[in-house]
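Have a look at the structure below before the remarks.
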Amino acid sequence: MAKIMAKKKILVTGGAGYIGSHACVELTQAGYEMVVVDNLSNSKTQSLVRVEQITGKPVTFYQADIRDKAALTDIFVKEAIDTVIHFAGLKAVGESCAKPQLYYHNNVYGTLVLTEVMAAAGVKQLVFSSSATVYGESTCPQYSEDFPLGPINPYGRSKTMIEDILRDLSRADAINQVQTPWKIALLRYFNPIGAHASGLIGEDPNGIPNNLMPYIAQVAVGKLKQVSVFGNDYPTPDGTGIRDYIHVVDLVKGHIKAIEILDSDAFAAGACKPYNLGTGRGYSVLEMIQAFERVTGRTVNYQIVGRRAGDLAECFANPDLAFKELGWKAEKNLDDMVADTWNWQSNNPQGYE
Ligand code: NAD
Ligand code: UFG
């Protein structure tokens, strides 16, 4: 007789945020139990209310900082957590240059506390939100996991440091011959955009957006005047920067594949492995603006300005490893990403306010 396996309980750090809230929907719909911890430094509880609206199920939420060891320990005592998906972190590149200590304290120290509490509770399966920003500059614009790392700002360095710490934890388990070693997936996201098809949850940046897609959406909805296109003299077909945009729902589905694999024998005990999550195809800034105008019927005013410091000409994923080992690949196309971004932005012009 087939054995019916109960679905696991997942702790989602940063679950009230943009990607975390989408993960909460997909996890619930996939039948997982879920607990969210978030300090709301860059999110609002309204996102979780909307998650409940979409799924029809209540969300267990703890407002706490992952650096608060006592609060985190308490959660692990109350909840029988099996696996952690770790989204909590600060992510603004410019702010990280101005306030590096804040970024290292929040992201690196926060992850140290989290892993200490996890190890003490005997929970050793972790899916970590890393970023394509960990890669160094390369002559090949299609990045594979074995490319050298070389982040160029404190935010990126905080992600690389965390990856190093997590690799060291795995190695230490082998040295110490522990019975239940860590199993860690480092998911390196390319450029997440889009929103849930319901239009109820989406990206709600504080103040003026730094990233291209939310900026375009706010111009289209009339909140901002025009997009500044940062440089049209790159060695790309139209001269503007090329990135690998990935639909946030595809991205979070990659996390579900990762927790399934971590929980199986297919992922070696003691392994800590990086996976690119991208589509494998890049679009230029002008192609993004044109796609937005075509799909939404809105005009997106723009002007060409100088390059932004630190930007690469072209960067897109080689997503083959995630397909081979996680059985994951992005399904949604550019028009889906634009239509869902617009559905969210036009229904929520002020975000969650
Ligand atoms: P987000 O800011 O919307 O979500 C992060 C959440 O973490 C927020 O709700 C915030 O309140 C919470 N948080 C931050 N520090 C915390 C702390 N110390 N304790 C508890 N909660 C804390 O960002 P997002 O876009 O959803 O990104 C999620 C993760 O993915 C981040 O780690 C980010 O660095 C990474 N990432 C994002 C992108 C992107 O373009 N969005 C790209 C690559 C990697
Ligand atoms: N761009 C503009 N105008 C804008 C904003 C962006 O022309 O107002 C251009 C950029 O120069 C770049 C492209 O649009 O060519 C994408 O820029 P984003 O800021 O949207 O994204 P980045 O690729 O620079 O970086 C993002 C996150 C990083 C993350 C990286 C990879 O901001 O934190 O994706 O995941 F590390």
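Hey, could you check the range 5-26 for residues that are of a type in the set (Ser, Thr, Tyr) and touching a Leu at 6+ places or on another chain (Cβ under 8 Å) and say which is nearest to residue 91 (Cα to Cα)?
Top of the filtered list is 13.
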Every residue in the range 33-68 that is without any contact (Cβ under 8 Å) to a residue 60 or more places away in the chain, of a type outside the set (S, T, N, Q), surrounded by fewer than 20 Cβ atoms within 10 Å (Cβ to Cβ) and outside any helix (DSSP H, G or I), please. 33, 40, 56, 57, 58, 62, 64, 65, 67, 68
Filtered residue count, the range 207-228, keeping only those that are within 17 Å of the chain's Cα centre (by Cα) and assigned to a loop (DSSP other than H, G, I, E, B): 3
Tell me yes or no: at least one residue of the range 159-177 is in a helix (DSSP H, G or I) and over 24 Å from residue 118 (Cα atoms). no
Subset of the range 294-322 (residues that are buried (at least 16 other Cβ atoms within 10 Å of the Cβ) and free of Cβ contacts under 8 Å to residues at least 12 places away in the same chain): none
Do any residues in the range 200-217 that are modelled with pLDDT of 95 or more have Cβ atoms under 6 Å from those of residues that are among the charged types (D, E, K, R), where the two are at least six apart or on different chains, and which pairs are they? 200/50; 201/50; 214/203
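Given the structure, is residue 234 farther than 28 Å from residue 139 by Cβ, surrounded by fewer than 20 Cβ atoms within 10 Å (Cβ to Cβ) and either modelled with pLDDT of 95 or more or of a type in the set (Ser, Thr, Tyr) (or both)?
No, not satisfied.
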Out of the residues in the range 50-70 meeting the condition of being among the small types (Gly, Ala, Ser) and on the phi < 0 side of the Ramachandran plot, tell me which one is farthest from ligand 2 (Cβ to nearest atom). 70
Condition first: part of a helix (DSSP H, G or I) and of a type in the set (D, E, K, R). Can you find one or more residues in the range 19-32 that meet it? yes
Within the range 229-269, take every residue that is closer than 22 Å to residue 318 by Cα, part of a loop (DSSP other than H, G, I, E, B) and within 16 Å of ligand 2 (Cβ to nearest atom) and give me the one that is nearest to the chain's Cα centre (by Cα). 244
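Given 201, 216, 256, 208, which one is closer than 18 Å to residue 309 by Cβ, within 16 Å of ligand 1 (Cβ to nearest atom) and of a type in the set (A, V, I, L, M, F, W, C)?
Every option except 208 fails the conditions.
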Total residues in the range 144-158, condition within 23 Å of residue 319 (Cβ to Cβ) and in a helix (DSSP H, G or I): 2
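The values are calculated or read from the model by the stated rules, or taken from the named source; none is laboratory data. Since this is a predicted model, take the numbers as computed values, not measurements. So basically every Cβ, Gly included, is an ideal-geometry build from the backbone, and we count neighbours across all protein chains shown.
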